[in-house]
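The values are calculated or read from the model by the stated rules, or taken from the named source; none is laboratory data. Please read these numbers as outputs of a predicted model, since none were measured by experiment. All Cβ positions, even for glycine, are placed from backbone atoms using ideal geometry, and neighbour counts span all protein chains on display.
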Amino acid sequence: MIRTPGAVLLLWLAAATMCHASVPAPRLLHIATWNLEWLVTPVTAHAARLACRNGRRGPLPCDVASRARDTADIARLAAYARLTDADVFAFQEVENEQIAHRVFAGYRICMAPGHGVQHVGFAVRRDLPHRCGPALESLALGGVQRAGMTLWIAPGTPEAIELLAVHLKSGCPDADLQSRSGACALLQKQSGALAEWMAARPPPRRYVVLGDFNRGDSHFAEDEFWLRLAGGDWNAAPFIHAGQEVAYRNCHRGAPYARAIDHILLARSLRQALVNGSYRHLGYSSLDAVRYKLSDHCPVRISLILGRQLNAVAD
């Protein structure tokens, strides 16, 4: 049988196309964390203002109630969510799903329960295979603090990743955990609960812990908080800090923080999946920071390169 050069070329192209189709291209997964600073519904904000006016205790501190957001503020937060373009957001300080959907339109919301109006959770693109997990109640310390929230990406596949969103106790950004500070005592207990959660997921388990740790990012190797998470030796920690080598940038000129307290920790089994240079601290324009009530935190995002299971459509 004689084949012409054109026929041979067509056969080669057909075979190449079939091979390519059988091995779907890997997918970039963009993951972000964002503390939205007292993001509450207009109903809650109104009730808080009335309570403060009448000298009663309301759902919000009075200094927060006086700065409640309007529709334009929430719309601007939603615009920054679109600019961040994450497949998954871990968020903090959000009252409920209703207000979360106004910032993360088109996403599925998974939220941890708890008292008050500050909750952690996830916003996940609906086409991404995922499953909302249980809350991590051990971080709530019997209800006096905020529970964590878990989420599975590509559950039941070799690409599966478990995410944990956290918002740890504020008020102890760099002090000794053994100090007499009540905030530091609570943070010490939370660090133990978080260390236990990670220790229960040895390699090759794949996980990401992200959120507002309320702890500075300097002196990792000497800081008791980070050493507790690392098992006593920062260089042998079961995780990597995605932004450890990146210089801190504030959200905008005049913002209140001098160092990072929003962090993303990856299990070492995900080291090769982390896209080099993908860690980004996405700030606000100075004009927007003046015109709108945004947040005292801004999104922090990384990218992972993962396999074909993430190209499937979620149930």
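The selection criterion, being touching a Leu at 6+ places or on another chain (Cβ under 9 Å), closer than 27 Å to D233 by Cα and acidic (D, E), holds for D212. Across the stretch 1-59, the number of residues qualifying as at pLDDT 95 or above, part of a strand (DSSP E or B) and in contact with a Gly (Cβ under 8 Å, 6 or more places away or on another chain) comes to 2. If a residue must be within 18 Å of S269 (Cβ to Cβ) and either surrounded by fewer than 19 Cβ atoms within 10 Å (Cβ to Cβ) or of a type in the set (K, R) (or both), how many such residues does the stretch 209-219 contain? Result for the stretch 209-219: 0.
Entry remark, the stretch 71-105: residues being of a type outside the set (A, V, I, L, M) and touching a residue at least 40 places away in the same chain (Cβ under 8 Å) number 13 in total. Among the residues making up the stretch 220-244, those that are without any contact (Cβ under 8 Å) to a residue 12 or more places away in the chain and exposed (fewer than 14 other Cβ atoms within 10 Å of the Cβ) are E222, G232, D233, A236.
Filtering the stretch 91-147 to residues that are out of contact with any His (no Cβ under 7 Å at 6 or more places or on another chain) and β-branched (V, I, T) leaves I99, V103, V117, V144. For the stretch 264-286, the tally of residues that are of a type in the set (S, T, Y), surrounded by 17 or more Cβ atoms within 10 Å (Cβ to Cβ) and touching a strand residue (DSSP E or B) at 6+ places or on another chain (Cβ under 9 Å) stands at 2.
Going through A260, A221, A314 one at a time, which residue ends up being touching a Leu at 6+ places or on another chain (Cβ under 7 Å), in a loop (DSSP other than H, G, I, E, B) and modelled with pLDDT under 95? Answer to the selection: A314.
Taken over the stretch 78-124, residues that are touching a Lys or Arg at 6+ places or on another chain (Cβ under 7 Å), under 14 Å from W34 (Cα atoms), surrounded by fewer than 24 Cβ atoms within 10 Å (Cβ to Cβ) and not small (G, A, S) amount to 3. Candidates R253, R215: the one that is in contact (Cβ under 8 Å) with a residue 40 or more places away in the chain, part of a loop (DSSP other than H, G, I, E, B) and among the charged types (D, E, K, R) is R215. Counting only residues that are of a type outside the set (A, V, I, L, M) and touching a Phe, Trp or Tyr at 6+ places or on another chain (Cβ under 9 Å), the stretch 151-172 holds 3 of them.
Would you mention how many residues in the stretch 43-97 are touching a Pro at 6+ places or on another chain (Cβ under 8 Å) and over 30 Å from R280 (Cβ atoms)? Within the stretch 43-97, residues that are touching a Pro at 6+ places or on another chain (Cβ under 8 Å) and over 30 Å from R280 (Cβ atoms) number 4.
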